[in-house]
Structures are given as structure tokens and as C-alpha cells.
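Visitor: Before I ask anything, let me first share the structure, which is written out below as C-alpha cells.
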Amino acid sequence: MAQLALSIERFPIAGTFTIARGSKTEAVVVEAHLTHNGATGRGECVPYARYGETVEGVAAAIAALGPDIAAGLDREALQYRLPPGAARNALDCAFWDLEAKLSGMRVAERAGLGALHPLTTAYTLSLDTPEAMAQAAAAATAAGRPLLKLKLGAPGDRARLHAIRAAAPEARLIVDANEGWSPADLPVLLDACAIAGVELVEQPLPAAADHRLARMERPVPVCADESVHDRAGLAALRERYDAVNIKLDKAGGFTEALALAEAAEGLGFRVMVGCMLASSLAMAPALLVAQRAQVVDLDGPLLLARDRTPGLRYEGALVYPPEPELWG
């Protein structure tokens, strides 16, 4: 019987962040607070227009459950009250945080995850000219970030790959096209990725066209992002993708993200855990899911002009598990 409060916060981005669908200069997040017996649990989500979400709509969906939560709605019942998405994510993570603080047991222990370890996260390079991305790649690797995620999905991607590889010859590379490639161009672009030593390509085709992947040779492993949200429909993607990118805002929270990771492993997928542009409060639960992932992309706070305090500890490419003051 917790009391719900929520807030909308804005975190300026360090510069401009550009992907195939457009650019942004700030991250707008919705934070849910659940308070009971003097303890408060928090969860943060990022409403995402690609999935038909708005900040106002997500905030309204969360607020509408306030009376039910006060009357006893719990985390288990929440899974059936809201669909997968940002609103359920904020509440689900807030419930987990509250349960941990009330019980004195960390979320990792309650979820049976065992000891947590620092993980190597990818560092994302915003879509830009080949020259600008090459300079950013050289600077990132010089700063101790050996795993780079390249935002592509626009004319000139082959030139971008060539320039980045030349500027950062030792870096590990993954690519995210954000649905920006066409079926006709895909074979050439995947070959270019293979030549550049790219280890993984996220969502090269629009989700509505990804059935084409089942009939194509893939010289580089391909990862579903926009095509996968929760466990529903996961099995249908097995012939199209080699990996899945789990994001809590898509899955609808920590609860479903854990179940999705287990289901994906059972189907033979590699697991990637990613994020939206958000603060450390959104990364913290994802970092627990990422303990079992082969690829980790939880660099959201590194791309902001400022993070919340306290935040996660980042040292070069390593990100450390959250302290209880932040979450869990």
C-alpha cells in the first residue's frame, strides 16, 4: 500500500545526439517514487516516440495507477495492468527498489543473481560525417573506451566505417543502424561491416521488413532492437537474428527484462543489454540484467552534460554496480 509520486526531469546532452531518425539535445525522463513505511523506491523511464509514447502520456499512465497502488496493487499485479513500455518500467523498478529498502536485501539477492561485477560498456558515437566520427573514435579510444558503438543508417555509411576503422584500428566495433538500411543495400553494407571488423549490427532493417533477414546470408551477426520488446514474439525472430537487445523501457521493467534474457538464452540468442539516453537511475537495474549479457551498452550517463547524484561509477570503459543510495 505505497504512495505514488512522480516527476519529469530534463538532462542536457553533451552536444547533440544524432541517430538515423533525428537529433536531440536533452534527455527527458519520468521518475516514479513509491513510499511505504518511511522507505522510498525509485524508477526512471524514457518515453520513446518510436513506440508511440510521449512524456505526458507516460506520466498520465503512471499517475492513473496511484489510487490502485495505495489500495495494494503490487509489482506482480502491475505486470497485467500496464503493457510493456516506459510507464511500466518506471513503476516496476520503483517496486523492486522499495522492496529492497523495506527488506534490507539488495535487489540482486532478491532476484537470485549472485555477486555483481563491473562490466565493460560500449561507448556510442553519434551519427555524423565520416571525418567527425573518425575524430570521435580516436578520442574515445584514447580515453580508454575500447568498445565503440557506431550510429549509422544514412548515405555514406561505408565511408564512415572506413574512416572510423582507420582512426581506431584496435577498437572493437558494433553498429546500430536504427532501421536505417534498405533490403537492397543491406548485403553491401554488411560486407563493409565485415571488412571493418564489426562484431555486431543492430536493427539494420525496419522492424516491418526484418523478415528479409531470414533469407539472407549474414557475414556479421545481426541483433534485434526495435523488433523485440518482451517475450511475446521472441521465438518468431530466431531465423532473422543472432542476438537481441534488451532494454528495460521496451520490456516494461526489470521483472520482464530478466525473464526475457532467460528466454532469449534458451532460444540460442546472444544477449545484449542496452539503454535509452537517461541518467544512472535508469542504468542501475539494467546493469543487473547485463551481468548475463555478452554485449553491454549502458553509456547513457556518459553522453549527458550532467548525471544525477549519486550516480553510477564509470572508470574508462568499466561501469560498476549501483550503490543502494542510487537504486536496489
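The values are calculated or read from the model by the stated rules, or taken from the named source; none is laboratory data. Since this is a predicted model, take the numbers as computed values, not measurements. Neighbour counts run over all protein chains shown; Cβ positions are idealised from the backbone, glycine included. Each accessible area value is taken on the protein alone, full model and side chains, heavy atoms only, with ligands, DNA and RNA left out. Shrake-Rupley method; radii C 1.70, N 1.55, O 1.52, S 1.80 Å.
Visitor: Report yes if ASP191 is farther than 16 Å from SER126 by Cα, open to solvent by 20 Å² or more (accessible area, probe 1.4 Å), part of a helix (DSSP H, G or I) and in contact (Cβ under 8 Å) with a residue 12 or more places away in the chain, otherwise no.
Guide: Numbers: farther than 16 Å from SER126 by Cα: yes; open to solvent by 20 Å² or more (accessible area, probe 1.4 Å): yes; part of a helix (DSSP H, G or I): yes; in contact (Cβ under 8 Å) with a residue 12 or more places away in the chain: yes.
Yes.
Visitor: Just to be sure before I move on: is ALA235 open to solvent by 30 Å² or more (accessible area, probe 1.4 Å) and more than 23 Å from ARG145 (Cα to Cα) in the structure I sent? Please lay out each step first, then the result.
Guide: Working: open to solvent by 30 Å² or more (accessible area, probe 1.4 Å): yes; more than 23 Å from ARG145 (Cα to Cα): yes.
It is true that ALA235 is open to solvent by 30 Å² or more (accessible area, probe 1.4 Å) and more than 23 Å from ARG145 (Cα to Cα).
Visitor: Of the numbered conditions (1) open to solvent by 20 Å² or more (accessible area, probe 1.4 Å); (2) within 25 Å of ASP225 (Cα to Cα), VAL30 satisfies every one except a single condition; which is it?
Guide: Going through the list (1) open to solvent by 20 Å² or more (accessible area, probe 1.4 Å); (2) within 25 Å of ASP225 (Cα to Cα), VAL30 breaks only (1).
Visitor: Next question. Taking only the range 36-56 into account, find how many residues are surrounded by 13 or more Cβ atoms within 10 Å (Cβ to Cβ) and in contact with a helix residue (DSSP H, G or I) (Cβ under 8 Å, 6 or more places away or on another chain).
Guide: So the answer is 13.
Visitor: Given the structure, is GLY85 modelled with pLDDT of 95 or more, surrounded by fewer than 22 Cβ atoms within 10 Å (Cβ to Cβ) and either over 28 Å from GLN294 (Cβ atoms) or under 22 Å from the mean Cα position of the chain (by Cα) (or both)? Let's see the steps before the verdict.
Guide: Working: modelled with pLDDT of 95 or more: yes; surrounded by fewer than 22 Cβ atoms within 10 Å (Cβ to Cβ): no; either over 28 Å from GLN294 (Cβ atoms) or under 22 Å from the mean Cα position of the chain (by Cα) (or both): yes.
No: the conditions fail for GLY85.
Visitor: Could you grab the pairs with beta carbons closer than 7 Å, sequence gap of 6+ or different chains, first residue in the range 3-23 and in a loop (DSSP other than H, G, I, E, B), second one among the aliphatic types (A, V, I, L, M)?
Guide: ALA20/LEU127; ALA20/ALA154; ALA20/ALA177
Visitor: For the range 39-65, name all the residues that are under 21 Å from the mean Cα position of the chain (by Cα) and in a loop (DSSP other than H, G, I, E, B).
Guide: Correct list: VAL46, PRO47, TYR48, GLY52, GLU53, THR54.
Visitor: Then there is this: Quick one: which residue in ASP97, ASP68 is at pLDDT 95 or above, of a type outside the set (Phe, Trp, Tyr) and either open to solvent by less than 50 Å² (accessible area, probe 1.4 Å) or assigned to a loop (DSSP other than H, G, I, E, B) (or both)?
Guide: On the way: ASP68 fails: either open to solvent by less than 50 Å² (accessible area, probe 1.4 Å) or assigned to a loop (DSSP other than H, G, I, E, B) (or both).
Step by step, each of ASP97, ASP68 is checked, and only ASP97 is at pLDDT 95 or above, of a type outside the set (Phe, Trp, Tyr) and either open to solvent by less than 50 Å² (accessible area, probe 1.4 Å) or assigned to a loop (DSSP other than H, G, I, E, B) (or both).
Visitor: A further question on this structure: What residue, of ALA132, ALA159, ALA137, is assigned to a helix (DSSP H, G or I), at pLDDT 95 or above, touching a helix residue (DSSP H, G or I) at 6+ places or on another chain (Cβ under 7 Å) and open to solvent by less than 40 Å² (accessible area, probe 1.4 Å)? Break it down stepwise before answering.
Guide: Working: ALA132 fails: touching a helix residue (DSSP H, G or I) at 6+ places or on another chain (Cβ under 7 Å); ALA159 fails: open to solvent by less than 40 Å² (accessible area, probe 1.4 Å).
Matching residue, one of ALA132, ALA159, ALA137: ALA137.
Visitor: Out of all the residues in the range 169-188, which are of a type in the set (A, V, I, L, M, F, W, C) and assigned to a loop (DSSP other than H, G, I, E, B)?
Guide: The initial filter retains those residues of the range 169-188 that are of a type in the set (A, V, I, L, M, F, W, C), namely 171, 173-175, 177, 181, 184, 186, 188.
Across the range 169-188, the qualifying residues are ALA171, ALA177, TRP181, ALA184.
Visitor: Further, regarding this structure: Which members of the range 270-287 meet the condition of being open to solvent by 10 Å² or more (accessible area, probe 1.4 Å) and over 11 Å from the mean Cα position of the chain (by Cα)? Spell out the reasoning first.
Guide: We begin by selecting, within the range 270-287, every residue open to solvent by 10 Å² or more (accessible area, probe 1.4 Å); these are 270, 275-277, 282.
ARG270 - this is the single residue of the range 270-287 that is open to solvent by 10 Å² or more (accessible area, probe 1.4 Å) and over 11 Å from the mean Cα position of the chain (by Cα).
Visitor: Filtering the range 162-188 down to residues that are open to solvent by 50 Å² or more (accessible area, probe 1.4 Å) and free of Cβ contacts under 8 Å to residues at least 24 places away in the same chain, which residue is farthest from VAL244 (Cα to Cα)?
Guide: Result: PRO169.
Visitor: Considering only the range 80-99, I want to know if a residue exists there that is free of Cβ contacts under 8 Å to residues at least 24 places away in the same chain and under 19 Å from ARG231 (Cα atoms).
Guide: The answer is yes, given that some residue of the range 80-99 is free of Cβ contacts under 8 Å to residues at least 24 places away in the same chain and under 19 Å from ARG231 (Cα atoms).
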